[in-house]
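Everything on this sheet refers to the single structure shown next.
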């Protein structure tokens, strides 16, 4: 069974589970969340910079009718960093930009604490590494731009198959008509390395905004 079929199977199981859960009179709430963010790796070596990354997930919270609600989710995390080298016209090349993308499926477990419409949501969980891609963008002196995406190749170390992400979200819930939405800020950090057995710590981290719909 290939990776694409596994993704569809996981999605089908999740949707079936959600249907069963939410048939019970508001015992559970479902949140669909998207978070664009800027990410980077710790322990900079040369000229690494932040890159635009993406985080999307489905989160279930248990309705306790109180201020504290336990949560569990399932999502996709894209993170990484960017490198840019100014060549200055040598060999007809103006600059080379390299974007490192590390992609994970992850399961966060947390507690949503409400203060009226405001909320605080610390989460921690585990992730499985799906792929590691490098996108290289070469700009030539004649204005031509060449883009190439490939699997990232390591000279030293190995990619960690498992990740331990933690995050902290702070935001506000609000209504638009009969639909509940949330917005706010989110920061995250991996507790272990992206690449193990190398001197650099290389833990991914990022921060961005939250856009969510609560069902």
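Take every pair of alpha-carbon atoms less than 8 Å apart whose residues are at least six positions apart; their mean separation over the length of the chain yields a relative contact order of 19 percent.
As a proxy for reagent exposure, 74, 174 were ordered by neighbouring Cβ count within 10 angstrom, fewest first; the result is 174, 74.
Taking only the alpha carbons of segment 98-174, we obtain Rg and Dmax values of 19.1, 58 Å in that order. Put simply, the Cα atoms of segment 138-215 extend 53, 41, 18 Å along their principal axes, the longest span coming first.
When 175, 166 are arranged by Cβ crowding within 10 Å, least crowded first, meaning fewest neighbours, the order is 175, 166.
Could you state the angle between the C-alpha long axis of helix 3-21 and the longest principal axis of the C-alpha atoms of the chain, as a value from 0 to 90 degrees rounded to the nearest 10? Once rounded, one gets 20 degrees. Sorted ascending by nearby beta carbons within 10 Å, beginning with the fewest, 105, 191 become 191, 105. Over segment 30-127, the ratio between the Cα radius of gyration and 2.2 N^0.38 Å evaluates to 1.51. With N as its number of residues, segment 137-182 has a Cα radius of gyration that, divided by 2.2 N^0.38 Å, comes to 2.33.
Taking only the Cα atoms of segment 86-215, the radius of gyration and Dmax are 20.0, 61 Å.
Values quoted throughout were computed directly from the atomic coordinates according to the rules given, and no laboratory measurement underlies them. Everything numeric in this text was worked out from a predicted model, so none of it was measured. Heads up, the Cβs are rebuilt from the backbone with ideal geometry, glycines too, and the neighbour counts pull from every protein chain shown.
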